[in-house]
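Here is the structure we will look at, set down as structure tokens.
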Amino acid sequence: MKLTEGHTLSPAQRRWSMVAMLVFLVYTLLSFGVYCARTLKGDPANHILAAEMFGTPEALKARGIKPMYAGAGVTGWDGQFYYYMSNDILARKDTPAHIDSPSYRYQRIGLSLYAKTMATLTGRDWVSPQSLLVSYFLLICAATWVGGRLLARFGGNPMLILLWSLSIGTQVTLFNALPDACADAFLILALAALFSGRTVLSVIPFAMSALSREVYAVFPALILLFTLVDGLRARLGAEGAGAALAGALRGLGRTWWLLVPCIVIVAWQVYVISHFGVRPSDQAVGILGAPFASWYRYFISGAQGAHLLGASPRGSYGEALSLAMFALVLAAAFLTGARLLRLRALPAVPPALRGIGAAVALFAMLYACFGDTVMMHYTGYFKAATVFFFLLPLLLCAAPLRRAALAAQARLLLVLALAATSVLNIGTRIMPYQTNGDRYTRMSTVTETGAYACFGEYSARIKVNAVTVDEGSWITRLFGRATMVVNLDLTNTSAHPFVSTRGAGSVFMGYHWVDDKNQVVIDGERSAIPGPLLPGQTANVNVYSLYPTGGEPVSLKLSPVQEGCTWFYLSNPAVTEGFSYRIAH
């Protein structure tokens with residue numbers, strides 16, 4: 001099946017392949033640097049986004065692995081599970097006790113197995129979060145390089161691979177230890193081997209792809225099926241049905257090796273079911289439903305500025321746009337795949353491409369049935385759809401779909417989807433500072449909802465004990481901002497108790513950064529007061545702030561605030577006396 005035999009890359013195509021790789025490297029390293037400095041608090045090990053509610057396997061706890069998120073109801077992300085699995089491939093230790101749906105997660109062992117293999121080959125006796133990240137990054141690099149060259153062999157521009165490697169699904173899953181981009185990357189490596197005539201070699205990445213996302217076993221299965229059908233169709237006119245079938249089976253040759261990935265995934269599914277006593281599908285809650293039912297609910301709520309997940313109006317509109325792009329990509333994928341299966345196109349389309357086209361059309365129909373668990377957020381549905389960002393350009397380049405206008409429109413759609421979802425992701429996940437200062441502010445402990453009337457008299461005394469500035473790691477210094485914690489004693493010198501609640505009129509410790517004109521530059525985070533703090537009592541409170549940046553001098557104003565009423569220092573300037581902290585940039 002040497003579909004590209006004799007088609008070597010030109011010097012220009014080789015250069016563009018290198019350019020694509022460099023663009024991927026620069027973009028990914030810069031965006032991860034910002035993401036790490038801000039969301040991950042400067043520590044790449046936090047990329048698994050682990051939460052304490054699931055606990056940490058004992059072997060990893062002994063290695064110093066700690067969850068990033070604390071507090072009841074804070075779940076973290078799924079990457080924590082796939083990371084835990086990489087240190088317990090066969091689920092023989094206590095790992096399943098720290099995974100939400102162990103049977104469902106363990107069926108997707110591919111990323112974990114790959115990370116464990118890489119660690120073993122480099123002489124490590126365990127997989128650290130950093131080594132998983134580096135291994136994953138190298139895999140995506142390899143797929144970007146190989147995928148660009150594969151597109152070039154079919155006459156496409158190698159830069160088209162960036163539609164996949166820079167897409168939201170690839171970036172999110174790489175940054176957070178999720179298996180989706182791993183499945184895509186191994187699929188790209190498998191197809192590159194297959195189309196260069198190395199069918200036997202393609203078996204390994206095909207199997208790893210299916211172990212990362214079980215549905216990817218469809219690719220080798222359909223390629224094998226269409227190769228068999230093609231051989232049978234060629235013989236039916238000259239031979240009887242039985243002889244034609246026997247001849248087609250003999251003619252498969254090395255293509256029979258494509259059964260191996262299917263056997264591997266079936267065997268692994270049997271192991272998972274027997275080990276956990278439950279089918280993975282039984283733990284897949286909310287994954288599938290009626291076609292476009294969940295899509296419609298989330299799209300309508302987003303278009304109305306009130307997304308069901310509780311996003312802001314701006315975030316809701318962003319989700320609506322992302323959902324619209326998702327639907328258009330599904331439509332383009334289905335139409336492209338279906339065109340390859342038309343009877344009049346059969347003689348001109350190699351069986352491997354028809355198998356891919358059938359898989360693309362099948363996946364488009366399957367993804368239209370995504371349920372609430374997937375459709376509630378762009379990182380869910382575009383993780384799955386990202387594979388189309390490679391397969392559509394591949395089919396448009398390799399298959400004889402000669403309608404240039406339609407092909408250009410499909411590529412334009414992918415570019416627009418890439419741009420829209422990337423802007424959404426950069427604005428909501430990469431650029432914002434996720435301070436996670438709860439351990440200082442104690443806001444997670446505030447549950448009461450009672451409301452209080454405005455005091456009318458605002459009196460308090462503040463004694464600052466310490467000011468600590470943490471510059472963080474080199475990643476934080478390069479891409480992020482230092483943090484600042486002020487420890488103080490707050491004394492209630494008024495006639496009213498200070499109570500921090502969720503209701504109006506509650507009192508929190510807060511701060512303003514003001515300029516030389518006493519104009520507020522930053523309205524800071526609130527800190528809950530341990531309480532109620534009765535008149536005459538004193539409480540120790542921490543005030544947490546990102547260290548201000550900018551060109552103008554700013555000063556720190558520490559003050560309690562009665563929400564919905566006023567800041568204490570605005571009604572009584574004496575509250576801020578006795579403390580001065582100024583930054584002259």
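Every number in this text was worked out from the coordinates using simple rules, so none of it is lab data. Owing to the predicted nature of the structure, the values given are computational and were not obtained by experimental measurement. Glycine also receives a Cβ, built like all others from the backbone with ideal geometry; neighbour counts cover every protein chain displayed.
Let me check I've understood the local charge: for residue 168, count other residues with C-beta under 14 angstrom from its C-beta, Lys and Arg +1, Asp and Glu -1. What total comes out?
So the surrounding residues net to -1.
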(message) Can you give the local net charge around residue 353? Use residues other than it whose beta-carbon is closer than 12 angstrom to its beta-carbon, Lys and Arg +1, Asp and Glu -1.
(response) +1
(message) I'd like the trypsin sites (Lys or Arg not before Pro) in segment 1-103 restricted to DSSP loop residues with at most 10 other Cβ atoms within 10 Å, sorted by number.
(response) 92
(request) Note the angle between two axes, namely the Cα long axis of helix 388-398 and the longest principal axis of the Cα atoms of the chain, as a number of degrees from 0 to 90, rounded to the nearest 10. (result) 30 degrees
(message) Output the 0 to 90 degree angle, nearest 10, between the alpha-carbon long axis of helix 11-38 and the longest principal axis computed from the alpha carbons of the chain.
(response) 30 degrees
(message) Using 30 Å as the Cα-Cα cut-off, could you pick out the over-long pairs in 41/61; 66/116; 66/463; 66/93?
(response) 66/463
(message) Could you tell me the ratio Rg/Rh of segment 188-325? Both radii from Cα atoms, Rh via Kirkwood.
(response) 1.18
(request) Would you please report the Å³ per residue occupied by the convex hull of the alpha carbon atoms in segment 89-224? (result) 121 Å³
(request) Give the order of 493, 227, 255 when sorted by the count of other beta carbons within 10 angstrom, beginning with the fewest. (result) 493, 255, 227
(message) If I take R0 = 60 Å and measure r between the Cβ atoms of residue 141 and residue 574 in this structure, what FRET efficiency does the formula 1/(1 + (r/R0)^6) give, to the nearest 0.05?
(response) 0.50
(message) Starting from the 7 Å offset along Cα-to-Cβ, what nm value, one decimal, do you get for the label separation of residue 365 and residue 342?
(response) 1.9 nm
(request) Looking at the chain, send over the antiparallel percent of its DSSP beta bridges, to the nearest 5. (result) 95 percent
(message) Nearest 500 deg cm²/dmol is fine: what mean residue ellipticity at 222 nm does the chain get from its DSSP H runs of n ≥ 4 alone, each adding -39,500 (n - 2.57), divided by its residue count?
(response) -15500 deg cm²/dmol
(request) State, to one decimal in nm, how far the label point of residue 487 lies from the label point of residue 547, with both points 7 Å from Cα in the Cβ direction. (result) 1.9 nm
(request) With no solvent and one equal point scatterer placed on each C-alpha of the chain, evaluate the Debye formula and give log10 I(q)/I(0) for q = 0.08 Å⁻¹, two decimals. (result) -0.65
(request) Report, to the nearest 10°, how far helix 313-339 tilts away from the longest principal axis of the Cα atoms in the chain, using its own Cα long axis and a range of 0 to 90°. (result) 0 degrees
(request) Grab the other residues whose beta carbon is less than 15 angstrom from that of residue 548, score K and R as +1, D and E as -1, and report the net. (result) -4
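Multiplying the sequence separation of residue 373 and residue 470 by 0.36 nm and subtracting their Cα-Cα distance, what value in nm do you get?
Net length gain for the segment: 31.1 nm.
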(request) Enumerate by residue number the trypsin sites (Lys or Arg not before Pro) in segment 468-531 meeting two conditions: DSSP loop (anything except H, G, I, E, B), and at most 11 other Cβ atoms within 10 Å of the site's Cβ. (result) 517
(message) Give the list, by residue number, of cysteines in the chain with no other Cys Cβ closer than 4.7 Å, or say none.
(response) 36, 141, 182, 262, 369, 397
(request) Counting other Cβ atoms within 10 Å, keep those with at most 12, restrict to DSSP loop, and tell me which GluC sites (Glu not before Pro) in segment 511-585 are left. (result) 577
(message) Can you compute the modelled spin-label distance between residue 19 and residue 284, with each label point 7 Å from Cα toward Cβ, in nm?
(response) 4.1 nm
